[in-house]
Structure formats: structure tokens, C-alpha cells
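These notes concern the structure reproduced below.
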Amino acid sequence: TYTVVQGGNQRFVRRLCMHCEVPTCASVCPVAALEKTPAGPVVYHEDRCIGCRYCMVACPFSIPRYEWTKVLPRVRKCDLCAERLANGQPTACAEVCPTGATLFGKRDHLVQVARERIAASPREYVPHIYGLEEVGGTSVLLLSDVPFDQLGLPGGLTKEPLPMLTWHVLQEIPSFVVAGSVLLGGIWWITARREDVHQAQNKPHDQ
């Protein structure tokens, strides 16, 4: 199921791939089976997938699912109607929504619409656009009149893209390697020096 409507707390909420601006799932995939396209969707290339399921572990929104019961399983998730977008069409969910609960458009325009709605009806909305900054921003944005954690959405997410946190660690690896090499070299020199001194002290003196 690419997208599902969940009920709870007297609210309905759609759960689907958030299509992160800098997707963690794509960054951890060793074969580039997941890709962020310029149009916004994070798409899945099943012909490349090796079934490692790293994407399932890495996704901060727990979105990708695996076809456990199939002989040739795939990772499945919403692709933001990538084929429709390529043909100049809106997402299917936005096109058929009868109440305007789901809108489609350029991200900057949707952010503006969300801010205008919050400003016009501050008592009707939590003063936060979910997905604006979470994990570096997402292509799917949400408004709510109740805290987002009550809708089952993860809270406390960093504003920095998760792949960048990995990059920060990787940047320090050369420094650790150099420092470790110097340390090990020093230990080797001290050990070798002690052995040389020990051998010199025990060597018989010439008569």
C-alpha cells in the first residue's frame, strides 16, 4: 500500500513517503536503488535492489516496506506519482481529494499557503509546518490542529539532513587515522627502543 489513511484521536491522517529533500534511504543504499529526482519524488529502481533493506532501517519515518511473502520480493513505498509528474499531471491523491485536504504544487508555493492558513486561523492549527525543516525538509508537508505526535508522526527530529551527520563523522576519519598512526608508531618506537636497550645491557663486554 503506497499510502494509507489512519484514524485516531478523532482525526484522519495520511501516511506515505515524505520524499525527503536529502533522503536517508537513498544515501544508505549500496546500489542506488533509491534516487531523489529533480522533480521531488524519491523513486525506487527494483532492477537494482539487492534486498539488503538498509532503507527500511534508515528511514526516520519508517516508510519503506518489504514484500516478505513473495518469491521475488521488492521494497515498496509511495513514489509521489513520479510517472504522472513526468507527464505534467498532479499526484493522483491530490487530484481526487474532494475537500482540498491534499494539495499539490511547487514546494515554495505550498509553504506559503501553509503559512497563510496558520496566520489566518491561528486557533485552528498547530503553529508548525511538519516537514518544513524535519531532517532537512521534505517534499510532503503537513498541517494539523493537534500535536503531530498525536497523529503518530515522529517528533524531535533533527533539522539537519541525516546523511550530513554521517558525512560529518566520515570527515573526521582521516584525522583519526593520522592520529592513530602517530600513536601506534610511537608505541612501536618505544617498544623497539626498550628491546634494543635490553639487548645492549645483556650483551657480553669484549675482553
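Quick one: which of GLY51, GLY100 is modelled with pLDDT under 95 and over 23 Å from LEU132 (Cβ atoms)?
It is GLY51.
Give me the residue from the range 136-192 that is within 15 Å of the chain's Cα centre (by Cα) and hydrophobic (A, V, I, L, M, F, W, C) and, out of that set, modelled with the lowest pLDDT.
Checking each candidate, the answer is TRP167.
Which ones in the range 21-37 are open to solvent by less than 30 Å² (accessible area, probe 1.4 Å), out of contact with any Asp or Glu (no Cβ under 7 Å at 6 or more places or on another chain) and assigned to a helix (DSSP H, G or I)?
THR24, CYS25
Among the residues in the range 11-26, are any closer than 24 Å to GLY155 by Cβ, out of contact with any strand residue (DSSP E or B) (no Cβ under 9 Å at 6 or more places or on another chain) and at pLDDT below 95?
Looking for residues that are closer than 24 Å to GLY155 by Cβ, out of contact with any strand residue (DSSP E or B) (no Cβ under 9 Å at 6 or more places or on another chain) and at pLDDT below 95, one finds at least one in the range 11-26, hence yes.
Any chance the range 32-45 includes a residue that's under 20 Å from GLU83 (Cβ atoms), free of Cβ contacts under 8 Å to residues at least 40 places away in the same chain, in contact with a Lys or Arg (Cβ under 9 Å, 6 or more places away or on another chain) and of a type in the set (Gly, Ala, Ser)?
yes
Looking at the range 47-61, I want the residues that are at positive phi and have a partner that is crowded, with 17+ Cβ neighbours inside 10 Å with Cβ atoms under 9 Å, at least 6 apart or on another chain. Which pairs are those?
Hits for this filter: GLY51/VAL75; ARG53/PRO64; ARG53/VAL75.
What number of residues in the range 63-122 are free of Cβ contacts under 8 Å to residues at least 24 places away in the same chain and not basic (Lys, Arg)?
Number of matching residues: 34.
In this structure, is ASP79 at pLDDT 95 or above, within 22 Å of the chain's Cα centre (by Cα) and open to solvent by 70 Å² or more (accessible area, probe 1.4 Å)?
Taking the combined requirement at face value, the residue does not satisfy it.
Go through the range 44-67 and give me each residue that's touching a strand residue (DSSP E or B) at 6+ places or on another chain (Cβ under 9 Å) and crowded, with 18+ Cβ neighbours inside 10 Å.
Matches in the range 44-67: TYR44, CYS49, CYS55, CYS59, PHE61, ILE63, PRO64.
For the range 110-131, what are the residues that are within 25 Å of the chain's Cα centre (by Cα), in a loop (DSSP other than H, G, I, E, B) and surrounded by fewer than 16 Cβ atoms within 10 Å (Cβ to Cβ)?
Matches in the range 110-131: PRO127 only.
As an exercise: evaluate THR3 against (1) modelled with pLDDT under 95; (2) touching a Cys at 6+ places or on another chain (Cβ under 7 Å); (3) over 19 Å from LEU143 (Cα atoms) and give the number of the one condition it does not meet.
The one condition THR3 does not meet is (3).
For the range 22-40, how many residues are within 14 Å of ARG76 (Cα to Cα) and out of contact with any Pro (no Cβ under 9 Å at 6 or more places or on another chain)?
The total comes to 1.
The values are calculated or read from the model by the stated rules, or taken from the named source; none is laboratory data. Predicted model, so just to flag it, every value in this text is computed and none were measured. Every residue, glycine among them, receives a Cβ derived from its backbone with ideal geometry; neighbour counts consider all protein chains shown. Note: accessible area is taken over every heavy atom of the protein model, side chains too, but ligands, DNA and RNA are not part of it. Shrake-Rupley method; radii C 1.70, N 1.55, O 1.52, S 1.80 Å.
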